[in-house]
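Working notes, structure below.
The values are calculated or read from the model by the stated rules, or taken from the named source; none is laboratory data. All values derive from a computational prediction rather than experimental measurement. Cβ placement follows ideal geometry from the backbone for every residue including glycine, while neighbour counts extend to all protein chains displayed.
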């Protein structure tokens, strides 16, 4: 194991190659990239169009057990596996999400990956990057301004100002904006009404950008956004306000995927970052499909644990984009399994094989679940220095008993050299043709039944409850033509159930659907099970207080 | 005259050179630019630092008569003169402001310049460009979030929530956000209070970025922002919230000036864009000082007419940055002078030499005013196709009688070939050493007396009125150590007076100072004379409705 260095120290010591060299390795000419500095670039829309008809590489999903405060290292493993595949001679690319800027000023920001499995440039990726999120914020807020402006000038569309569902967004942790009354100050400022702001990653525009296949599809989806209802409860669409064209113009550059690199100079597409609760939590379809044309293996990840992330990746992203994943990697760690086995955070440093084995129930449930989608799985045991051989062996034994394989990976400490075994096995699995991907439920199933299917087959809940108003709303959307949409579950990521303290593999619980929301542009119906926060606040000692530029012009306090 | 083409058609037909070639002509290596695409770049902070000690080129200000709906073509002349100087063999660069994104979705956006005197890429410059304004928005709103967060967590600084002067900003025309009540929705969302949003260009952060000399100065100025007052009326600063470091980090890239090019492939710095009413309305000091190190002649412009723009350029920007302008060009047109001479817009097409001569009183007043700053002036008569020889001759005669020269320029129609005479004369004037620049008033004059000096000597008002509260506030700021600051006048740009309909050269009027505001970070005291709108609204048929991407992927409706 290399000498201990912080993620930021490792990232700063990276020997980055000019981004045009990274692009060249993928067969992209300098004229086909849009550089942002010397270490970031977008891939031009024209070049992406020219790739039509090329065969696709193999798509590999990295997902994980339910997250715990111990951390599981999903992104680290995604990056490590990409590097590992390249190390064993495969042409592989990585696809992950972009980071939200706002939260970095609350808690310290994070690397994309960790240790010797990171994507760089780390600072830029935690700040403005290539401006995608700013473009999304702007497009979202233009639509909001057009709504109030329409009402101001006579409200020809007869918008019920009590039923405007489109809020505003900002990429900032600002609890003061959660609930506002706007248009105060007199006649010239419009009709006062209640509204509020969400954080940008919660914008439906973000989800749309990440699911759109090209600019024409983007514009169509933007037009389909339901922004408000009339008194007769008929929907008002963004296209009714003629907002879709201007929003697409604002998003034109943001639609082009971003190319950066790993510490080992392998290509990484970092593009889009929708919330993993009220949205589907995956990087953009455009980035994934582009990467699949340029590399033989594409390693990507989904948000949270497999119950939320992988399910949405399969049932929303793959279903809608026609993607056929070839293999799934489920990341687990000794510590996180111990926590799932009932050990408190402060006791994680002590060997406890029994707790590890008990916690494996959580892992086992996810393995079973992945099989339901017809995609072969392998388990990556992300190694920590405190893990004991007996603990690692216990996980491997458990996984073997389930008929799968568990592979210990040391990419955090050793980079690609620590993950070649997993890389070899993933490549074999992906090449085996074993995958027979199918979504969990058909498009034609009723919306409530879709929710029920996920709750019973993935979460293993015994029953699902919902007020009549929720059921009626789902029926109304079915009648309005939205019945074919998949459902997007918003619940705690810490448990299969809706109780975040219920670790392991609980069953028999009830799931209450508190609220449903229509994301007609993105193309899914959100089922909210529990409290979901769409605008975070800052802590009492925000990271912003210690973030600054040092004498050398480097950023301190961000990590 | 070339066949008529729209600005956008001309801009799209531009034969742009790669931006690294434009940089190379200025002696900047590829490694010292930060490319944004192939036609935009920032100049790295490190390179700028390396220029210290180099001699400065000559700074030439382009200003204008009071604007009228007929248009005077100030930016067009700035661009044309830059091209003209290059055409006659001088090494010249242009410095102008960036455009605000939001207003383009209300009224159609504009070119930077017009006809054959434009800066490109036009679309990018009207949209996200290099992200500077998004960075400013973010830094501004982080500070706002930190204020409410501080109050939420116990309000250790004892901020009086009724006296929070720091609002939020958005680069959008959104009248609904002018007046809001925030922090609604219960205990978790904080303490409800009234606030609102301004458009980003009105942010003090914008003014600060444009006046800061480097990142250290930027951070210091950010810390000096007064965000609120306590019950005892003592100020609370951004540095008290420890916001300055994080804001500087967010603005790190935005501080680097942007390099683009004219249609004739000459270098243009487009950087910063503060409001010309509540702020000083000039491009950034960093861009100007960098350009002066890299070119022998730097042509820049200031907002509105010379009464506001040039006065602030001299009394705020040049005073604070130690700039010594070498020459001033005052732009006038036959049509705009006719309007100043009392002709209605619909009658501008008819020859009217008497009206032109009458309107020259406005031009004459500006010539006199420029002389008060010790900078030699020349008049650029920006030619329109409908101008008659007699009208042009009348202007030249008027200017000659004042002891200066008026030169007819045809850069709009003919590019640099149409403006060589002006270029030659400006070069001679700038090289003559005639300039003896001095600000209008000394730092030590009282704040009220500074306002009075501008009103009496520049506007030619007879008296200045202000409530006792305004005078008391100015006295209080003097006692708090802000007495050395220059004043920043916010009044209508259409007249020397505060009555926008009073064209020509009125005198004897009264100017009422309605309100004063302290921009302690930017370093000026704003005197508001009349209604100033800091958050525009959208019209009943916003341009957004027709903005879209066409089949070719080009933007339609933005221009």
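Here are a few things to note about the model shown:
- Residue within segment B:532-551 that is more than 30 Å from residue B:8 (Cα to Cα) and out of contact with any helix residue (DSSP H, G or I) (no Cβ under 6 Å at 6 or more places or on another chain) present: yes
- The single condition among (1) in a loop (DSSP other than H, G, I, E, B); (2) closer than 28 Å to residue B:44 by Cβ; (3) at the interface with chain A (Cβ under 8 Å from one of its Cβ atoms) that residue B:250 does not meet is (1).
- Just one of the numbered conditions (1) more than 21 Å from the chain's Cα centre (by Cα); (2) assigned to a helix (DSSP H, G or I) is not true of residue B:318: (1).
- Here residue A:137 fulfils each of the conditions (1) over 29 Å from residue A:251 (Cα atoms); (2) within 12 Å of another protein chain (Cβ to nearest Cβ) apart from (1).
- Only residues that are surrounded by 21 or more Cβ atoms within 10 Å (Cβ to Cβ) and either facing another protein chain (nearest Cβ under 7 Å) or out of contact with any helix residue (DSSP H, G or I) (no Cβ under 8 Å at 6 or more places or on another chain) (or both) were counted in segment A:152-170, giving 1.
- Residue within segment B:532-549 that is without any contact (Cβ under 8 Å) to a residue 60 or more places away in the chain and closer than 29 Å to residue B:320 by Cβ present: yes
- Of B:39, B:7, all but one fail to be modelled with pLDDT under 95, surrounded by fewer than 22 Cβ atoms within 10 Å (Cβ to Cβ) and touching a strand residue (DSSP E or B) at 6+ places or on another chain (Cβ under 8 Å); the exception is B:7.
- Residue A:343, sole failed condition from (1) surrounded by 24 or more Cβ atoms within 10 Å (Cβ to Cβ); (2) in a loop (DSSP other than H, G, I, E, B): (1)
- Evaluation of residue B:559 against (1) more than 23 Å from the chain's Cα centre (by Cα); (2) surrounded by fewer than 22 Cβ atoms within 10 Å (Cβ to Cβ) (one fails), failing number: (1)
- Residue in segment A:506-556 that is surrounded by the fewest Cβ atoms within 10 Å (Cβ to Cβ), counting only those that are within 14 Å of another protein chain (Cβ to nearest Cβ) and assigned to a strand (DSSP E or B): A:556
- Checked against the criteria, residue B:497 counts as touching a strand residue (DSSP E or B) at 6+ places or on another chain (Cβ under 8 Å), without any contact (Cβ under 8 Å) to a residue 40 or more places away in the chain and not assigned by TED's automatic domain parsing to the domain that holds residue B:359.
- The residue of segment A:177-195 that is farthest from the other protein chains (Cβ to nearest Cβ), among those that are closer than 20 Å to residue B:145 by Cα and buried (at least 21 other Cβ atoms within 10 Å of the Cβ), is A:195.
- Exactly one residue out of B:260, B:249, B:285, B:299 is buried (at least 24 other Cβ atoms within 10 Å of the Cβ) and without any contact (Cβ under 8 Å) to a residue 12 or more places away in the chain: that is B:249.
- The residues of segment A:36-70 that are out of contact with any helix residue (DSSP H, G or I) (no Cβ under 7 Å at 6 or more places or on another chain), away from chain B (no Cβ under 14 Å) and over 23 Å from residue A:91 (Cα atoms) amount to a single one, A:67.
A quick yes/no check of all residues on (1) assigned to a helix (DSSP H, G or I); (2) outside the structural domain of residue B:14 (by TED's automatic domain parsing); (3) over 23 Å from the mean Cα position of the chain (by Cα); (4) farther than 24 Å from residue B:80 by Cα:
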site: B:354; (1), (2), (3), (4): yes, no, yes, yes
site: B:368; (1), (2), (3), (4): yes, no, no, yes
site: B:408; (1), (2), (3), (4): no, no, yes, no
site: B:413; (1), (2), (3), (4): yes, no, yes, no
site: B:437; (1), (2), (3), (4): no, yes, no, yes
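- Only one of A:286, A:298 that is closer than 15 Å to residue A:78 by Cα and not in a loop (DSSP other than H, G, I, E, B): A:298
- Taking the criterion of being in contact (Cβ under 8 Å) with a residue 40 or more places away in the chain and either farther than 21 Å from residue B:99 by Cα or within 11 Å of chain A (Cβ to nearest Cβ) (or both), the residues of segment B:209-223 that qualify are B:213, B:214, B:215, B:221, B:222, B:223.
- Any hit, segment A:209-232, residues being surrounded by fewer than 22 Cβ atoms within 10 Å (Cβ to Cβ) and under 24 Å from residue B:536 (Cα atoms): no
- Counting only strands (runs of 3 or more DSSP E) that sit wholly inside segment B:154-246, those with at least 2 residues that are closer than 23 Å to residue A:547 by Cα are B:168-170, B:226-230, B:235-237.
- Every condition in (1) away from chain B (no Cβ under 14 Å); (2) buried (at least 20 other Cβ atoms within 10 Å of the Cβ) holds for residue A:501 except the one numbered (2).
- Count of residues meeting criterion [surrounded by fewer than 16 Cβ atoms within 10 Å (Cβ to Cβ) and in contact with a strand residue (DSSP E or B) (Cβ under 7 Å, 6 or more places away or on another chain)] in segment B:384-395: 0
- Residue count, segment A:516-533 (criterion: closer than 28 Å to residue A:443 by Cα and at pLDDT below 95): 3
- Top-ranked residue in segment A:196-208 [being within 12 Å of another protein chain (Cβ to nearest Cβ) and surrounded by 22 or more Cβ atoms within 10 Å (Cβ to Cβ); ranked as nearest to residue B:179 (Cα to Cα)]: A:197
- When restricted to residues that are assigned to a loop (DSSP other than H, G, I, E, B) and within 20 Å of the chain's Cα centre (by Cα), segment A:481-496 contains 8.
- Residues being modelled with pLDDT of 95 or more and more than 20 Å from residue A:459 (Cβ to Cβ) - total across segment A:339-383: 14
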